[in-house]
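Reading through the structure tokens given below for one structure.
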Amino acid sequence: MFVWEDADRMTSRHRHPKKDVQRALRFAEDHGWTVTPTASGHRWGEMVCGHQGRDACQVSIWSTPKNAGNHANRLRQRVRNCPHQLPGSGGGS
Ligand SMILES: [Zn+2]
């Protein structure tokens, strides 16, 4: 089984200051997305879906969104709307 505590340690290097957003990033990673902190200006980083190609979904993550809950919801929405969903995320080894 997947243990969240372990994942927590692994991803602690890119922890978003806003709890809501951080949870959305987890949600994204759980769906095969890659979260990359770029820390440039207002942009905390970006996340890219698991699709290998130029048309992969790419979403900007803001470091200090006016409404963190809103921003988190939008990030989750992008994950759900991704047309490149991996079939059965991470099943079988
Ligand atoms: Zn996608």
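Bear in mind these aren't lab numbers, they're just calculated from the coordinates by the rules spelled out. Model, not experiment: these values are computed from the prediction. Quick reminder, even Gly has a Cβ in these numbers, built from the backbone with ideal geometry, and neighbours come from all protein chains shown.
Below is a table of values for the structure above.
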| item | result |
| --- | --- |
| Charge tally in the Cβ shell below 10 Å around Ser63, where Lys, Arg are +1 and Asp, Glu are -1, Ser63 excluded | +2 |
| Stretch gain in nm, segment Arg54-Thr38, where the contour uses 0.36 nm per residue and the Cα spacing is subtracted | 3.9 nm |
| Electrostatic dipole magnitude of segment 14-81 [Cβ: Lys, Arg +1; Asp, Glu -1; Cα centre; debye, to 20] | 260 |
